[in-house]
1. Across the stretch 99-133, what is the total count of residues that are open to solvent by 20 Å² or more (accessible area, probe 1.4 Å) and of a type in the set (A, V, I, L, M, F, W, C)?
2. If we scan the stretch 91-98, do we find a residue that is farther than 30 Å from residue 14 by Cβ, touching a residue at least 24 places away in the same chain (Cβ under 8 Å) and surrounded by 14 or more Cβ atoms within 10 Å (Cβ to Cβ)?
3. Kindly list, by first and then second residue, each pair from a residue in the stretch 350-365 that is at positive phi to a residue that is assigned to a loop (DSSP other than H, G, I, E, B), limited to pairs with Cβ atoms under 6 Å and residues at least 6 apart or on different chains.
4. Return yes or no: is residue 374 open to solvent by less than 10 Å² (accessible area, probe 1.4 Å), among the polar types (S, T, N, Q) and at negative phi?
5. When you go through 39, 56, 48 one by one, which is the residue that is crowded, with 22+ Cβ neighbours inside 10 Å and not in a helix (DSSP H, G or I)?
6. Among the residues of the stretch 204-256, which ones are touching a residue at least 60 places away in the same chain (Cβ under 8 Å), more than 21 Å from residue 283 (Cα to Cα) and aromatic (Phe, Trp, Tyr)?
7. Restricting attention to the stretch 288-311, and to residues there that are touching a Gly at 6+ places or on another chain (Cβ under 9 Å) and over 17 Å from residue 62 (Cβ atoms), which single residue is surrounded by the most Cβ atoms within 10 Å (Cβ to Cβ)?
8. Scan the stretch 287-333 for residues that are among the acidic types (Asp, Glu) and more than 20 Å from residue 271 (Cα to Cα) and jot them down.
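The values are calculated or read from the model by the stated rules, or taken from the named source; none is laboratory data. Not measured: the values here are computed from a predicted model. For neighbour counting, all protein chains shown are included, and Cβ atoms are generated from backbone atoms with ideal geometry for every residue, glycine included. Only protein heavy atoms, including side chains, enter the accessible area calculation; ligands, DNA and RNA are left aside. Shrake-Rupley method; radii C 1.70, N 1.55, O 1.52, S 1.80 Å.
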Amino acid sequence: MKIIYSDKIFLCNEKFNILEKKALAFKEEIIAIDSLETLQKKYPKAELIKSHKHTLLLPSFINPHTHLEFSANSYTLHFGEFLIWLKSIINSRDELSKEAKNDLILEKLNWMRKTGTATIGEISSFGSDLKPCVQASKDGMRIIFFNEILGSNENQISVKKEEFLKRFQDSLKHKSDLFIPAVSVHSAYSTHPKLAKFALDLAKERNLLVSTHLLESRAENFWLRFAKGKFKDYLKNFTSNPVPFYSVDSFLKLFKDIRTLFTHCVYLKEWENLDTNLHSITHCAFSNRLLSGKSLDLKKALKSGLNIHLGTDGLSSNISLSMLDEMRANLLIHKDFNLLELAKKLILMATLCPAKALNLNLGEIKIGKSADFSLFEVKECENLQLPLQFILNAKFVEKLFIKGKECKF
């Protein structure tokens with residue numbers, strides 16, 4: 001049993017309650033929340049975790065969408081328009097993959113922990129990120145490992161299935177409480193229906209989490225809705241008469257009754273076709289600005305009743321994997337919100353909301369929840385301003401706990 005005290009605590013419940021001068025008693029889960037004096041009397045043998053003055057405790061961040069295989073990108077990939085970026089990805093992915101060695105990926109994973117992230121959803125396209133992700137899980141980080149399937153050439157269906165299945169089975173060997181294999185269907189424009197069905201049948205059979213990219217760009221939007229635009233011109237490089245595999249509606253139907261994280265959805269209109277109990281949207285504001293030139297209409301998305309949460313995407317379309325940096329980007333992009341209210345919402349979109357999307361018992365400071373939380377040193381600040389000031393000023397944790405164990409950096 002351990003006890004930790006903090007001047008301020010963000011419970012990260014729906015009401016965004018803030019506690020003052022309270023302590024937590026915890027093992028792998030949170031056991032009690034009360035005054036330090038009360039908890040020390042109740043648990044006299046508990047270890048007291050010491051910290052600096054003026055601390056803020058809150059649930060550790062959850063980043064449900066990363067691409068660590070592109071961690072070596074800097075100056076290489078091209079931004080400003082989606083297809084320009086996509087062409088640069090195809091031209092540079094082999095080189096970037098070779099540069100993203102285990103040590104570099106482990107460095108990025110450790111840096112995420114230093115910035116308060118304890119859980120990630122890693123989208124694995126090639127499997128080269130498996131070894132460092134397994135190592136990070138052994139070091140205490142929680143990894144949802146989304147094995148991705150993609151391929152549009154019907155002649156390569158068998159090869160793509162075999163390659164995906166091998167990667168999935170390799171990841172399954174390392175399954176644990178902190179390493180959770182899952183499935184990713186890359187996108188509607190890149191994944192043949194036979195491949196999508198194959199992967200989603202596997203997800204249904206094994207009750208796996210699923211992730212997919214959807215309606216990230218203007219080009220994809222025109223392609224899926226009207227079978228024309230820049231995507232058609234681009235795909236003519238590979239086939240003489242390209243046609244979309246899906247409409248938006250038919251693609252969404254693939255994920256019926258499957259817990260799925262839909263990433264981006266910048267051009268989504270069919271809100272009512274998503275299941276508010278099983279489907280959620282991962283909003284990557286920084287990435288959208290670099291590739292799409294347009295952001296998710298956050299007010300409309302929230303009004304739909306869907307669970308909307310934050311992700312950084314990878315360093316292929318961001319300059320940071322810090323959820324704090326992503327929150328700062330959101331503060332600047334979503335100008336139609338009250339700033340103080342938006343700050344609270346963004347913190348929930350990095351804690352409680354992704355925990356619900358991933359069906360994990362964390363993301364909230366509450367008795368019975370996993371003891372996944374971070375401690376930041378802050379300055380004195382009134383509660384009304386604290387969520388905003390925290391986002392604006394915080395950079396690195398003082399301490400980070402995952403399942404009750406303190407992370408060592």
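1. 5
2. Taking every residue of the stretch 91-98 in turn, at least one turns out to be farther than 30 Å from residue 14 by Cβ, touching a residue at least 24 places away in the same chain (Cβ under 8 Å) and surrounded by 14 or more Cβ atoms within 10 Å (Cβ to Cβ).
3. Final answer for the pair search is 363/351.
4. Yes: the conditions hold for residue 374.
5. Every option except 56 fails the conditions.
6. 231, 234, 238, 245
7. Only one residue tops the list, namely 291.
8. 313, 325, 326, listed by residue number.
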